[in-house]
1. Under the Kirkwood approximation for Rh and a Cα-based Rg, what ratio Rg/Rh is obtained for the stretch 93-141?
2. For the stretch 1-91, what percent of Cα pairs sit more than 23 Å apart?
3. Calculate the FRET efficiency for residue 127 and residue 202 from the Cβ-Cβ distance with a Förster distance of 35 Å, rounded to the nearest 0.05.
4. In 5 Å bins starting at 0, how do the alpha-carbon pair distances of the chain split up by percent?
5. How many times 2.2 N^0.38 Å is the alpha carbon radius of gyration of the stretch 174-227?
6. For residue 70 and residue 84 in one chain, what is 0.36 nm times their gap in residues minus the Cα-Cα distance, to one decimal in nm?
7. Take peptides 189-195, 225-231 and line them up by average Cβ neighbours within 10 Å, highest first, as a rough protection proxy.
8. Roughly what % of DSSP beta bridges within the chain run antiparallel, to the nearest 5?
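What follows is calculated from the coordinates using simple rules that are stated; it is not laboratory data. Everything quoted here is computed from the prediction, not taken from an experiment. Cβ atoms come from the backbone with ideal geometry, glycine included; neighbour counts cover every protein chain shown.
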Amino acid sequence: MMKGMRRLHPDPTDEVSVEECYAQSLGHRADRPWVSLSMVTSIDGSAAVDGTSGALSSPTDSAVLIRLRAIADVIIVGSGTARSEGYGPPSKAGQRIGVVTATGRVDLASELFTSGAGFVITTAGGTFDPPPEIDVIRAGSTHVDLVEAVRRLPDLCPGTRVVQAEGGPTLSGSLLDADLIDEINATTSAATVGGGGPRLASGSPANQRGFEVAQLALDDQSFVYTRWLRRTSGE
């Protein structure tokens, strides 16, 4: 049976629920949806074992992901992660999942899309031409313009205030490069992996973004849970 978490910061307490630790997003924006990144990595920084994140997770980490998905209005995920992790329809009624791809390598016959929950975020200049029943946001010519795509999400999904990004590392790197990530919810698995697996964010030009810790907690398996808020001044 999953136990609660021990919160070290803020308001230290020996027993606190996932729901209390993740009651809401860390903020909202007036100019575009708030973007929250959620991922798990090993102690030595790998975001995957044999191509997926499942071996890095724990029951509490899974509960955190479920809770963060409940907070979000829309989820976005890279096409490679959607394939490898077997994304299907979300459990939250009315929630949409946007699959980001510049190449069009998306399985439109999967249940994610046949359910009507999935939509595609891609470029305006590519040859990818999904059937009319698949919703598409086209932004950018040769590369997906994530700034424009995020700004346009409320047009496709009215009422969108919080967007949950779930990787993979290439999408995370692109979001950081575009300075679109307002909040990071990072789980550190209680294990090392070794090898040359991807980091939480990879594939983008070098950039430095400042964040400040908003929460720090542990579970009974020594997994570490941090919530980071984008620092907007004094970087």
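1. Working: Rg = 10.4 Å, Rh = 11.0 Å.
Taking Rh as the inverse mean 1/r over Cα pairs, Rg/Rh reads 0.95.
2. 34
3. After rounding, the FRET efficiency stands at 0.85.
4. Reading the bins upward from 0: 1, 6, 14, 19, 20, 18, 12, 6, 2, 1, 0.
5. Details: Rg = 13.3 Å, N = 54, 2.2 N^0.38 = 10.0 Å.
That ratio works out to 1.33.
6. 2.8 nm is the gain from fully extending residue 70 to residue 84.
7. So the peptides 189-195, 225-231, ranked by packing, come out 225-231, 189-195.
8. Among the beta bridges of the chain, antiparallel pairing accounts for roughly 45 percent.
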